[in-house]
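Contents: one structure, followed by commentary.
The values are calculated or read from the model by the stated rules, or taken from the named source; none is laboratory data. Owing to the predicted nature of the structure, the values given are computational and were not obtained by experimental measurement. Here the Cβ is made from the backbone with ideal geometry for all residues, glycine too, and neighbour counts use every protein chain on show.
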Amino acid sequence: MNTTALIMMVSVEVTVILLTGYFFYKVLTSRPKSGDEDD
Amino acid sequence: MLMAGNQDKWGSRVGLVLAMAGNAVGFGNFLRFPVQAVQNGGGAFIIPYLVSFLVMGIPLLFIEWSSGRFAGKSGNHSAPSIMDSMDKRWIWKYVGVFGIFSNIAIAAYYCYMESWTISYVIHSLIGTFDSMNQSQVAHFFSDYLDVTTSTTGIPYEAIVMFVLCLALNTYILSRGLMDGVEKVAKIGVPLLIGFGIFLAIKGITLKASAGGAINDGTVGLNFLWTPDFTSLSNPKVWLAAAGQIFFTLSVGMGSIQCYASYVRKNQDIALNAMSAGWMNEFVEIVLGSAIIIPIAIGYLGIDKVVELTQIGGLGLGFRTMPFLFEQWGPILSAVAGAAFFGMLFFAGITSSLAMGTPGISFLMDEFRWTRKNAALSFGIIILLLGLPTIFFFNEGVFDEYDYWAGTVSLVVFALFESILFAWIFGMKKGWREITSGADIKVPLVYKYIIKFVTPVALIIVFLGALVRPANDDWSLLSFKGWTLHNESIIGQLQHKGIGPNNTWFSDEFYTENNGTVDSLYSVKNKSYVVITGANDNGAEQSKTYKFNPQKHQLNVTLGQDIITGDKLYSGKVVNRVFYLDMARVLLVSVFLFICALVYVAYKNRSRKEIAK
């Protein structure tokens, strides 16, 4: 792969993976609110 | 306040997020996104794509999630009543009809596509594609779409598979959110991600010369990700990126509002919306870019794949991928085929279930139908509406549904809902709804993006689609007028590009391309004429015409030079334009029928209010 394509791909994919992981982790670890019988 | 008997709720927060992500993740993540990227500047496409996601996608997710939860508090779960609960002027509940209509109309052809994936999983596992060449695999798909042909010995196989697929959807929907939709999402979304990761690894690690591959998988990635920054100045690329955001996030459909209306009133929606939205982006950008393009370029080369992308992602997925998997040997090809079409199946069913929910919720809320009866009615309506797309697939009915319900309706509805939310419901209340119970801090800038940027961006997208110029050449725009693209909204209304066969019925059929008659043949009692010539770009292009020798008198001979409009055969002909107009009549009828139901529902509401 050429350098520009590699930088483009890695930077975009790493950003997307980190944000996806971060938000899903927050979903899994946020405490249920009072009166919320979820999870 | 009108409390309805429909008291369904989500079982868990993870289930809700996975169901929302499953709603968003669909065929487009794997088949449409990479093709759009290839056609719009490769790696540079991602820049307008991400900008569209930030200024249009995320705001619409916030709008739809918060509108849904807001209306759900008063027992409203479908778009007409959700919009009505935000502003009592009569017009909004009828605008909300889009939020039921587009789901039903899209589900009619989407469930058909879903049934193809079930069939292709079976064919991959039993080795149907073993020893087929590329042309035979491509013809297999054409045969499958021809309802009179059976690829398994089951008569009317395409219809049987469609009915089975619908029955499965109906059954799951009849089980409710917690026991049906949520359970499927908890199984389906992880499975599709797992299948996607397996195929992405195979795509990226593909080595030239292994099993006939001519390129490494990285050649495809290089092609897809090498940015053409000059494309950023082309409005076509920006409009394509904005369009892809609509398709991929399932915004502008009413299904997100419907799912969100079952969220408990104190539950977060901001983090949930971000989590589901970014999960969709992970599947699309990370997995979607690493499967069909790297594998297809690995075996076929860049030029051939660019040519294949002209016929769209569906063609690439169903006409080409089974052949490419065959290069991996009988066992791995069966596994890869089942994984690929299984992945598409789970992506499809988690979306089609979301399409079923608004209509079912409407019937349950407004007419007190039981969930089972409402689900059954959904199945029957989709069957009736879907059959024309099966029988008249080659006449363009499938594409016609996709254009009006799956493209134009989404933009129109999203535009209206963003105006309602930001300017009529008001950003003060709207922002409170978005941030109420939020487990993340929503950046304040979104208050202004939602109010100003998103509606303007949507107006631009709509106008861009309305008056799209020929060849996407925006420099043509002038006060003196310009030639419209065949697929612009006005162009479609005028049947622009329909060619010389522009009447419903005729006694003659005219050729639709220039070239030479290069073959005449018959297969299974059907006769074909192939005319090959140069297209507008100078590339060689063939067009195959089917005719019935018992009804039609052929007027051309082998080797004859033809120009568009020459008489191809004589005899009674029902032209494609007839089927397209009938499809439009059908779609408009469905829309008006839902309007009538909304009218009756609100008459009932008024009577009940007076009785109180």
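A few remarks follow.
- Residues located in region B:149-197, provided they are of a type in the set (Gly, Ala, Ser) and in a helix (DSSP H, G or I): B:Ala158, B:Ala167, B:Ser174, B:Gly176, B:Gly180, B:Ala185, B:Gly188, B:Gly194, B:Gly196
- Subset of region B:242-272 that is part of a helix (DSSP H, G or I) and hydroxyl-bearing (Ser, Thr, Tyr) - its residue that is surrounded by the fewest Cβ atoms within 10 Å (Cβ to Cβ): B:Thr248
- Scope region B:78-99; condition hydroxyl-bearing (Ser, Thr, Tyr) and without any contact (Cβ under 8 Å) to a residue 40 or more places away in the chain; matching residues: B:Ser85
- Across region B:183-191, not a single residue is classified as over 24 Å from B:Ser12 (Cβ atoms) and β-branched (Val, Ile, Thr).
- Of note, B:Ile331 does not satisfy the criterion of being more than 23 Å from B:Tyr144 (Cβ to Cβ) and surrounded by 21 or more Cβ atoms within 10 Å (Cβ to Cβ).
- The residue list B:Ala422, B:Ala375, B:Ala339, B:Ala354 contains one member that is of a type outside the set (S, T, N, Q), under 23 Å from B:Phe462 (Cα atoms) and modelled with pLDDT of 95 or more, which is B:Ala422.
- Listed by position, the helices (runs of 4 or more DSSP H) enclosed by region B:283-385 that each have at least 3 residues that are over 22 Å from B:Gly194 (Cβ atoms) and out of contact with any His (no Cβ under 7 Å at 6 or more places or on another chain) are B:292-300, B:302-309, B:330-367.
- Selection within region B:405-432 - touching a Lys or Arg at 6+ places or on another chain (Cβ under 7 Å) and either surrounded by fewer than 22 Cβ atoms within 10 Å (Cβ to Cβ) or in the same structural domain as B:Ser351 (by TED's automatic domain parsing) (or both): B:Met427, B:Trp431
- Which numbered condition B:Val530 fails, given (1) part of a loop (DSSP other than H, G, I, E, B); (2) in contact with a Lys or Arg (Cβ under 9 Å, 6 or more places away or on another chain); (3) not hydroxyl-bearing (Ser, Thr, Tyr): (1)
- All conditions in (1) within 13 Å of chain A (Cβ to nearest Cβ); (2) surrounded by fewer than 22 Cβ atoms within 10 Å (Cβ to Cβ); (3) in contact (Cβ under 8 Å) with a residue 60 or more places away in the chain hold for B:Gly75, with the sole exception of (1).
- Restricting region B:346-396 to residues that are under 26 Å from B:Val25 (Cβ atoms) and among the β-branched types (Val, Ile, Thr), the residue that is surrounded by the fewest Cβ atoms within 10 Å (Cβ to Cβ): B:Ile381
- Residue within region B:390-411 that is aromatic (Phe, Trp, Tyr) and farther than 30 Å from B:Asn501 by Cα present: no
- Subset of region B:437-456 [more than 20 Å from B:Phe413 (Cα to Cα) and either without any contact (Cβ under 8 Å) to a residue 12 or more places away in the chain or in the same structural domain as B:Arg264 (by TED's automatic domain parsing) (or both)]: B:Lys441, B:Pro443, B:Leu444, B:Val445, B:Tyr448
- Filter result (in contact with a His (Cβ under 9 Å, 6 or more places away or on another chain) and among the aromatic types (Phe, Trp, Tyr)) within region B:481-530: B:Phe509
Residue-wise test of (1) closer than 15 Å to B:Ile82 by Cβ; (2) in contact with a Phe, Trp or Tyr (Cβ under 7 Å, 6 or more places away or on another chain).
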position: B:Pro358; (1), (2): yes, no
position: B:Trp369; (1), (2): no, no
position: B:Leu385; (1), (2): no, no
position: B:Ile390; (1), (2): no, yes
position: B:Asp399; (1), (2): no, no
position: B:Leu415; (1), (2): no, yes
position: B:Trp423; (1), (2): no, no
position: B:Lys429; (1), (2): yes, no
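- Qualifying residue in region B:45-64 (condition: in the same structural domain as B:Ile297 (by TED's automatic domain parsing) and within 24 Å of B:Gly386 (Cβ to Cβ)): no
- Subset of region B:7-24 (residues that are among the aliphatic types (A, V, I, L, M) and within 12 Å of chain A (Cβ to nearest Cβ)): B:Val14, B:Leu16, B:Val17, B:Leu18, B:Met20, B:Ala21
- Considering region B:16-101, the qualifying helices (runs of 4 or more DSSP H), each wholly inside and each with 1 or more residues that are hydrophobic (A, V, I, L, M, F, W, C) and over 29 Å from B:Lys428 (Cα atoms), run over B:27-31, B:33-39, B:46-52.
- The set of residues in region B:282-319 being under 20 Å from the mean Cα position of the chain (by Cα), under 18 Å from B:Ala213 (Cα atoms) and among the β-branched types (Val, Ile, Thr) consists of B:Ile291, B:Ile292, B:Ile293.
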